[in-house]
Amino acid sequence: MEMQNKNEQPLLDMRDVEITFNTANGPVKAVRGANLSVMQGESVAIVGESGSGKSTIALAAMGLLARNGKVTGGQILFDGKDYAAASDKEFRHIRGDQIGMVPQDPMSNLNPVWKIGFQVKETLKANGLGGGDMNKKVAEALENAGLPDAERRAGQYPHEFSGGMRQRALISIGLSCRPRLLVADEPTSALDVTVQRQILDHLDNMTAELGTAVLFITHDLGLAAERAEKVVVMYKGQVVESGPAIDLLRNPQHPYTKRLIDSAPSLSSHRMENEAAAQKSASGTDNVLEIENLTKVFKIREKGLKKSDFLAVDDVSFNVRRGTTTAVVGESGSGKSTVAKMVLNLLEPTSGTIRFDGEDMGRLSEKELFRFRRRVQPIFQDPYGSLDPMYSIFRTIEQPLKIHGIGDARSRQNKVKELLEHVSMPASTMHRFPNELSGGQRQRIAIARALALEPEVIICDEAVSALDVLVQAQVLELLNKLQAELGLSYLFITHDLAVVRQIADDVVVMKDGQLVESGKTDDIFATPQTEYTSNLLDAIPGGQLLV
Amino acid sequence: MPENTENIVRNEASPNDVKRAGKVSRRHIPHFVAPLEETPLQAVDSVNETADPLSFWAEAWRNLRRQPLFIVSAALILLIVVVSIFPQWFTSVDPRSCSLDNARGGAAPGHPLGFTYQGCDVYARVIFGAQASVLVGLFTTIGVVIVGGTFGALAGYYGGWMDAVLARLGDIFFALPLILGAIVLMQLPAFRENQSPWTVTLTLVVFGWPQVARITRGAVIEAKGADFVMAARSLGVSKFGALVRHVLPNSLSPIIVVASISLGTYIVAEATLSFLGIGLPSSIVSWGNDISDAQISVRNNPQILFWPALALSITVLSFIMLGDALRDALDPKSRKA
Amino acid sequence: MLMYTLRRVLHMVPVFFGATLLVYFLVFATGDPIAALSGGKPMSDAVEATLRAQYNLDQPFWVQYGIYLKNLLTLDLGTTFSGQSVNDVVARAMPVTARLAVMALAIEAIFGVVFGVFAGLRKGGIFDSTVLVLSLVVISVPTFVLGFVFQFVFGVKLDWTSPTVGPDAGWGDLILPATVLGLVSLAYVIRLSRTQIAENLSADFVRTASAKGLTRGRVVLVHVLRNSLIPVITFLGADLGMLMGGAIVTEGVFNVPGIGKVLFDAIKIGESPTVVAVVSVMVLVFVVANLAVDLLYALLDPRIRYA
C-alpha cells in the first residue's frame, strides 16, 4: 500500500492483526489477518455486521480491548511505532491527545455521578492542557461541539442531558485535546435521524477544520459511503474488501459487499415487489382499519407532587387498506408506539375511535375482544424480549392455538410445522429454545406465532429495527412474501424511512403526537409537503448517493 | 502538519452542506478485495442444527454441574438431609441417655467426640441435632417464599394502591431486623410457654417475608415489562394468566437464589434464639441449645462447644454456597447469545 | 434536594409509627406482662392493680399505645419492674453500645472496602479467591459461635485481652467484641464492594475515561471507586440497625454493659415494658440511620435528587 503513496507514512497502520478473546468455551479469534491504514487527515469507515470484529479492531488501536481480549498477531503502527504489545502506560501517551474516541452509546459512556464540565476538564488536564481559566476552556470545548449555553451546561449532570446533547459532550471530550486520529464507534446509531445528521455534519466540519483523521465504525453502508473517503468492509473477523468509498459502492467486487449493498435499505429506491398490494393500494377503498381523531393523554408526575397532562397522541386519523402496508413513521417521542398499543387494545384511548372492519373497538365486550385478538396480532421490536425464554419454540407457537381452543394436540403440531415452514425455519427448530436462536430467527418465530391465528392485520412495532442489515432485508422479504400469499394488512411502526421505502404503500408521518402528513409512499418520497418530512428524508444517510 | 495541505478533501459544496454526495480523496486509495476462499460466504442467519436443544433449566443444570462450589455444597446438603431424616443410621447411641459419670469426659470407644457437661454423647447429639435445624430452616424458607413471594408478586404485577400498601408494610417490618423482631416475639409468654420448632418457624416467617417480597417484586416488575408478556396478552391470555404462565416462571431465578441463602441464615437465627433460651425447647436435641449449654465450660472444655458449632457452621455454609452457585448458573447475563 | 429531603422525612413517619405499634401490639396484646413478672407466684389483688395502673394496663389498647407513644416522644421510657428509670438504664448503656457499634462499623468499612476493592480489581486472582472463601466461612459461622471462638483464642489461649468486658467498657476492651460484631457484615461489605468494582470496571464510561488518556490510578479512583462505593455506603448505613440486633448476642457473650445486654437481661426475666422501651429506641435509631443513608445517597448520586 505504501508503494502508491511512497512519500507518506500512514498515521495508523494495522498489519495482519489477529485478536483473540479467551472465553468460557476456549479462545475465539475475533479478528484474523486484518489490514487497515489511516492517513493523516483521512476519513476511513469500517463497515460490518455485529460480530464482524469492526469495533474490536478499532479498540485494539487504542489498547482498550476487554480484559479477556489480546492482540495475538501482527503490528499496530501508530505514527511508525508498534503498539501491538504495548502496556497500558505506553498507550496512555497517545490516548486523548493523539487518538481520541467518540463511543457508541451516549447513555452509558458518561459517568453519571460527575458533572459534564468535570469530565471535560479532567481530559484537558490529563493531556497537559490544564492551567489558566479552566472553566473557560471547558465551555469552549463544549461550544465547539455545538452545545448551546455551554457554560451553564458544564455545571449539569449527564442525566439532565438529552441523548443528542450527551453525544455532543462526548464529541467535545474526544476532540478536546486536538487528537490526530478520532475513533468514532457508531457515534450516532442510538439517535434520531435528524439529530444524527446534525451531529455527523458537525463532526465532519470540526475534523476538517482541525485536520483530524477519522476512523468511523458503522453498520450502515450508506453512512460510511457518505462520510468517509475510504471504506473497509469486515466480515467474520476479516477484511473482505476496502477501497475508495464511491468506487466500492458503485463497483463492489466481493460477494459479501455486493450482498450488503443489495440489502442496504438506505440505498434502495423503491418498494419490494408486491403486485396485489400495489393494486389494492391504488384502487381499493376497502379499509380494514379506520382510525379517527385518536387521542391519548397520560398523567405524569412532575417535580414534587403536581401532576400534569402529557398529550402523547393528539387527534390522529388515518386508514389502513386491506391487503396493503401502512407505515407510521416518526422519531422518538412522536407517539407512534402509543398508536400501535391502542390499536392492539393494550392501551385505552382517551378519545377517538378505532374501527376494525367497520366495528368500533371501544364498544367491544370482553368476549368480542377475545375474538378480536385472533384477527389483529403484533410483532415487537426486541427479538430478545418478545419470546418467553422458558417456552420452547413449539410451545411458543402452539400457545395461541391452545388459548383459542383450535384443533387437538395432533393437528396443532402439524400446524406448528406448517407455520415454521411459512417463515422458512426448519421443523426441527420447534424443540429449541429462544436463547439458541439469533435475533432474526427469533423475529421469524414471532411472525410464526402471530400468524398462528390466521389474523388479518399485523402490527409491526419497529419489528426489524434491532436486526443487522442482511437479516433485516431477509425478514422484510419474508413479510412481503407473506403479504402477497395471505393477503395480510400491515401497520408498520418505524423510525426508519429507508425501511418505509421498501415495504410501505402508504405513509403517516408523526411528530410530537401529531400527524404531520400522510399519503402514498411514492408521493411523499418524491414531493414531501412539509419541511419536517423533507428534513427526515434528507437525513437518510447515503440517500442521495446512488439515485 | 505540512502533508495535510495537499490532502484536503476535495469538497465543492459549501461547508454547511457537507459532503452529501460522498467524499473523494485526492490520494490514491487501492481497491483491495480478499480472495473468496479466505472467507467463504455463509448463508444469512441459518439455524445451527448441530447442537442439542437446551431449555433454560437444562442449561442451568449443565452450568451447575461444572461448578465445584455446587458439587461440594450439594453433596454436603445431601448428607445433612440424610442425617436429619435417618439419624439412627449414623449412631446407635441415644442422645438423651446421659450419665453424670461421663460428664466432660474425653473420647472413648463408641463415643468418638467425648461427652457433654451433663455426660451425654457429643457425637450422638450432633447427629440428632441436625433434624431441628433443617426442619426450621426448610419450613421457614417455604413459608417465607409463599408469603413474601405472593405479596411481592401481587404488588409488583398489579402496582397501584396494592403496591403502595405492601411497600409500607414491608418497610415497617424492615425496621425490625430479623433477630430483633424474633426476640421480641419469642420472649412473649404465649411463645415461651409453647416453645417448639413451629413457633420458631412462625416467628421467623413473620419477620423474614419482607426480604423475599422485595426481591420477588423487583423480579416481577422486570419480567412484566417484557414484550413476551404483551405478546401473550394480545394473543388473548388473561392478565392473571400472563402472571402465572409468563411472569412468575421468569422471576424464579432470584427467588431461588435468595431462598437458598436465606435457608442458611434462618438456621443461624434459630440457633441464635435457642442460644438465648427463647428458641427451641431444651427437650429437643438441637445445636443451638447444645452450644448454649456448653458455654459454661467453654474455658476448660471447648471441644464440647466446638462440635455442634462446627456442624451448624458447615450446614449454613452449604446452603450459602449452594445459593452462590445457583446465582452464577441462573444469571441471565451468563447465558449464551 | 429540599423536596427530596422532605419526602424522605415524610416517608419515615409511618414507618416509625407502624414499627412501634407492631412492637407494642406484639408485646401487650398477646401476653400478660404482670403474670410474667409474678413468675407464677400468687400476688395480692391490690399489688396487681397498682402495677396495672402503673403500666397503664387497665386502659384500652389504643389509649395504652397513645400514652406509650407520647412518653416515647417525650423521651420518657418508663420504669423497670425493679423501679429503676429505663431512661437512666438506657442513658448508661447507650454510650457503650454506640462505642461498640461505631468501632464495628469502622472495622467493617475500612477492612471491608479495602479487601473488597483489591479483590474486585484482581477478580479471579489468588487474593480474590482467598477473600471470597473466607468471607463465605465468616458468613456461615453464627455470631455467638464466633464470639466464643474469639473469646477462647484471644482471651483465654493467647491472653491478649480479657475475655469479658468489665463495667467501664473502654475503647480497648471493646476491640474484641466489636470485631466479632462487625465480622459478618464485614464479609458482606467485601462481597458487595468486590462485585461493584468488578462491574464498574467493565462499564462503558470507565473505558471512555481510559480513552481520554487518564492514568490507571485516576480512572480507578475517580470513576470506578466513587461509583462502586455508593451502594456500599447504603449498606453500611442500613447495617447500623443490624448491628443493634447483633449487639444483643455479642454483648451477652462478652458481658458488655450495653443496651443489648439490657435487652438480653430483660428477655431473660420477661420484663416486657423494658423490652418494648429498648426495642423502640433501637427502631428509632434504625429509622433515623436509614433516613441519613437516604440523604447521603442523594448527596453521592446526583440522579436520586431529581427522582
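Laid out as a table, the results:
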{"quantity": "Hits in region C:97-118 - residues which are closer than 30 Å to residue C:201 by Cβ and charged (D, E, K, R)", "calculated": "C:108"}
{"quantity": "Single unsatisfied condition, residue B:209 versus (1) open to solvent by less than 10 Å² (accessible area, probe 1.4 Å); (2) in a helix (DSSP H, G or I); (3) within 14 Å of another protein chain (Cβ to nearest Cβ); (4) more than 29 Å from residue B:86 (Cα to Cα)", "calculated": "(1)"}
{"quantity": "Region B:232-248: number of residues that are more than 20 Å from residue A:454 (Cα to Cα) and touching a residue at least 12 places away in the same chain (Cβ under 8 Å)", "calculated": "6"}
{"quantity": "Filter result for the condition that a residue is within 11 Å of another protein chain (Cβ to nearest Cβ), buried (at least 19 other Cβ atoms within 10 Å of the Cβ), charged (D, E, K, R) and at negative phi, over A:230, A:236", "calculated": "A:230"}
{"quantity": "For residue A:247: the one exception among (1) closer than 18 Å to residue A:39 by Cβ; (2) assigned to a strand (DSSP E or B)", "calculated": "(2)"}
{"quantity": "Failed criterion for residue A:367 (all others in (1) facing chain B (nearest Cβ under 9 Å); (2) modelled with pLDDT under 85 hold)", "calculated": "(1)"}
{"quantity": "Residues (over 19 Å from residue A:216 (Cβ atoms) and surrounded by fewer than 21 Cβ atoms within 10 Å (Cβ to Cβ)) located in region A:239-258", "calculated": "A:250, A:251, A:253, A:255, A:258"}
{"quantity": "Every residue from region A:102-152 that is under 26 Å from residue A:186 (Cβ atoms), among the hydrophobic types (A, V, I, L, M, F, W, C) and either open to solvent by 20 Å² or more (accessible area, probe 1.4 Å) or at the interface with another protein chain (Cβ under 8 Å from one of its Cβ atoms) (or both)", "calculated": "A:107, A:110, A:113, A:114, A:118, A:126"}
{"quantity": "Checking residue A:535 against (1) touching a residue at least 60 places away in the same chain (Cβ under 8 Å); (2) open to solvent by 50 Å² or more (accessible area, probe 1.4 Å); (3) in contact with a strand residue (DSSP E or B) (Cβ under 6 Å, 6 or more places away or on another chain), the condition it does not meet", "calculated": "(3)"}
{"quantity": "Among the candidates A:351, A:386, residue that is polar (S, T, N, Q), in contact (Cβ under 8 Å) with a residue 24 or more places away in the chain and farther than 18 Å from residue B:247 by Cα", "calculated": "A:351"}
{"quantity": "Neighbours by Cβ (under 9 Å, 6+ apart or cross-chain): first from region A:203-223, closer than 26 Å to residue A:472 by Cβ and in the same structural domain as residue A:183 (by TED's automatic domain parsing); second surrounded by 24 or more Cβ atoms within 10 Å (Cβ to Cβ) and of a type in the set (Phe, Trp, Tyr)", "calculated": "A:223/A:216"}
{"quantity": "Any hit, region B:47-57, residues being in contact with a Pro (Cβ under 6 Å, 6 or more places away or on another chain), in a helix (DSSP H, G or I) and within 9 Å of another protein chain (Cβ to nearest Cβ)", "calculated": "yes"}
{"quantity": "All positions within region A:17-55 that are part of a helix (DSSP H, G or I) and either acidic (Asp, Glu) or surrounded by 24 or more Cβ atoms within 10 Å (Cβ to Cβ) (or both)", "calculated": "A:54"}
{"quantity": "Residue in region A:203-226 that is part of a strand (DSSP E or B), acidic (Asp, Glu) and surrounded by fewer than 24 Cβ atoms within 10 Å (Cβ to Cβ) present", "calculated": "no"}
{"quantity": "Odd one out for residue A:453, checked against (1) among the hydrophobic types (A, V, I, L, M, F, W, C); (2) surrounded by fewer than 23 Cβ atoms within 10 Å (Cβ to Cβ); (3) free of Cβ contacts under 8 Å to residues at least 60 places away in the same chain", "calculated": "(3)"}
{"quantity": "Helices (runs of 4 or more DSSP H) within region C:185-300 that include 3 or more residues away from chain A (no Cβ under 12 Å) and either open to solvent by 10 Å² or more (accessible area, probe 1.4 Å) or out of contact with any Lys or Arg (no Cβ under 6 Å at 6 or more places or on another chain) (or both)", "calculated": "C:226-254, C:259-269, C:272-300"}
{"quantity": "Residue check for residue B:277: surrounded by fewer than 24 Cβ atoms within 10 Å (Cβ to Cβ), assigned to a loop (DSSP other than H, G, I, E, B) and facing chain C (nearest Cβ under 10 Å)", "calculated": "yes"}
{"quantity": "Scan of region B:251-274 for residues that are open to solvent by 20 Å² or more (accessible area, probe 1.4 Å), in contact (Cβ under 8 Å) with a residue 60 or more places away in the chain and within 14 Å of chain C (Cβ to nearest Cβ), ordered by number", "calculated": "B:261, B:265"}
{"quantity": "Filtered residues of region B:286-313 (kept if of a type in the set (Ser, Thr, Tyr) and more than 8 Å from every other protein chain (Cβ to nearest Cβ))", "calculated": "B:286, B:292, B:297"}
{"quantity": "Residues located in region A:153-164, provided they are outside any loop (DSSP other than H, G, I, E, B) and at pLDDT 90 or above", "calculated": "A:153, A:158"}
{"quantity": "Verdict on residue A:92 being under 34 Å from the mean Cα position of the chain (by Cα), at pLDDT 90 or above, at the interface with another protein chain (Cβ under 9 Å from one of its Cβ atoms) and farther than 18 Å from residue A:212 by Cβ", "calculated": "yes"}
{"quantity": "Given (1) at pLDDT below 90; (2) crowded, with 19+ Cβ neighbours inside 10 Å, index of the condition residue B:144 fails", "calculated": "(1)"}
{"quantity": "Any hit, region C:78-89, residues being in contact (Cβ under 8 Å) with a residue 60 or more places away in the chain and under 16 Å from residue C:168 (Cα atoms)", "calculated": "yes"}
{"quantity": "Among (1) hydrophobic (A, V, I, L, M, F, W, C); (2) within 14 Å of chain B (Cβ to nearest Cβ); (3) under 21 Å from the mean Cα position of the chain (by Cα) - the single one residue C:102 does not satisfy", "calculated": "(2)"}
{"quantity": "Qualifying residue in region A:114-128 (condition: in a loop (DSSP other than H, G, I, E, B), under 30 Å from residue A:32 (Cβ atoms), in the same structural domain as residue A:30 (by TED's automatic domain parsing) and in contact with a Phe, Trp or Tyr (Cβ under 9 Å, 6 or more places away or on another chain))", "calculated": "no"}
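Residues are listed down the side, and each one gets a yes or a no for (1) assigned to a helix (DSSP H, G or I); (2) at pLDDT below 80; (3) facing chain B (nearest Cβ under 9 Å):
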residue	(1), (2), (3)
C:120	yes, no, no
C:128	yes, no, no
C:134	yes, no, no
C:139	yes, no, yes
C:145	yes, no, yes
C:148	yes, no, yes
C:153	yes, no, no
C:159	no, yes, no
C:163	no, yes, yes
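The values are calculated or read from the model by the stated rules, or taken from the named source; none is laboratory data. Computed from a prediction, not measured in an experiment: that's the story for all the values here. Note that we place each Cβ from the backbone using ideal geometry, even for glycine, and neighbour counts take in every protein chain shown. Only protein heavy atoms, including side chains, enter the accessible area calculation; ligands, DNA and RNA are left aside. Shrake-Rupley method; radii C 1.70, N 1.55, O 1.52, S 1.80 Å.
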